[in-house]
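J.: If you scroll down you'll find the structure; I have some questions about it.
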Amino acid sequence: MLTAEMAKILDEGRKDGWVLEPEAKRFFCLGGLDIPRFAWAKTEEEAIRSAAEIGYPLAAKIVSPRILHKSEVRGVRLGVGDSQEVIALFREWSRMEGSAGMLVEEIHEGRELIVGAKSDFQFGPIVLLGSGGTAVEIFRDVVLGMAPLEEKDVASMLGRLKARPLLEGYRGTPPIDMGELTRLLVRFSRLAMEMEPFVESVDLNPVLCSSTRTVVADARIILKKSRG
């Protein structure tokens, strides 16, 4: 079952129709998924302090209920190297529509996957797994499974993924931790079942998979429209 805090996050997102990334990440952290260390800075001073605590280089993203696709408005910056760059980004993004601060977080490396969920009127929540990142719509390497998933279901999905050889290690690159990816997918599918009455769709993109961790680097929760 969703905790009271998780339910509150979904409820508070109704006014915008979706859950802002910092709150979406907090939701999935509460649900047991691996999330980068991050902070939602609402003032310039908070941004400087949080960035110093997390450590450079880091990732920075605009937070705005009016901006769903951050990369399309140049609202994402990787490899931010110092406080002066943090200040410049905060001031630039504060002029964008609906600006509610910025997210700063630690950077992780790994193979990029997308994990998502959407409710089917006949079958209920369907979990999507595919090659992720900004090129997800180009490669269209995705497989589907019905929630809730068991380990054998995840193994079947991975077996149908064209990118599987890259996950197993390719030309000297280490294989990802398949156990961690399986754990994430099983747990996510349980969350998708519990979220289904409230949520239209969920996207975790990218999920960064390495030999040691499987980290949700970005999360989006689109809520169902209120009835009546």
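The values are calculated or read from the model by the stated rules, or taken from the named source; none is laboratory data. Keep in mind the model is a prediction, meaning the values are calculated, not measured. Glycine gets a Cβ as well: all are built from the backbone with ideal geometry, and neighbour counts include every protein chain shown. Heads up: the accessible areas ignore ligands, DNA and RNA and are worked out on the full protein's heavy atoms, side chains in. Shrake-Rupley method; radii C 1.70, N 1.55, O 1.52, S 1.80 Å.
J.: When the residues of the range 185-204 are filtered to those that are under 12 Å from the mean Cα position of the chain (by Cα) and open to solvent by less than 40 Å² (accessible area, probe 1.4 Å), which remaining residue is nearest to Glu150 (Cα to Cα)?
T.: Top of the filtered list is Phe188.
J.: How many residues does the range 36-61 hold that are surrounded by 16 or more Cβ atoms within 10 Å (Cβ to Cβ), within 25 Å of Ile221 (Cα to Cα) and not aliphatic (A, V, I, L, M)?
T.: Here the count works out to 5.
J.: With the requirement that a residue be closer than 17 Å to Ser189 by Cβ and at pLDDT below 90, what does the range 156-178 give you?
T.: Across the range 156-178, there are no qualifying residues.
J.: Right, another one. Select from the range 1-35 the residues that are of a type outside the set (A, V, I, L, M) and loosely packed, with under 14 Cβ neighbours inside 10 Å and write down the one among them that is nearest to Ala117 (Cα to Cα).
T.: Gly32
J.: Is at least one residue of the range 62-71 under 29 Å from Glu194 (Cα atoms), aliphatic (A, V, I, L, M), open to solvent by 50 Å² or more (accessible area, probe 1.4 Å) and assigned to a helix (DSSP H, G or I)?
T.: no
J.: Within the range 145-155, is even one residue modelled with pLDDT of 95 or more, in a strand (DSSP E or B) and surrounded by 13 or more Cβ atoms within 10 Å (Cβ to Cβ)?
T.: yes
J.: Where in the range 4-55 are the helices (runs of 4 or more DSSP H), entirely inside, with at least 2 residues that are under 30 Å from Gln84 (Cα atoms) and of a type outside the set (D, E, K, R)?
T.: 21-30, 44-54
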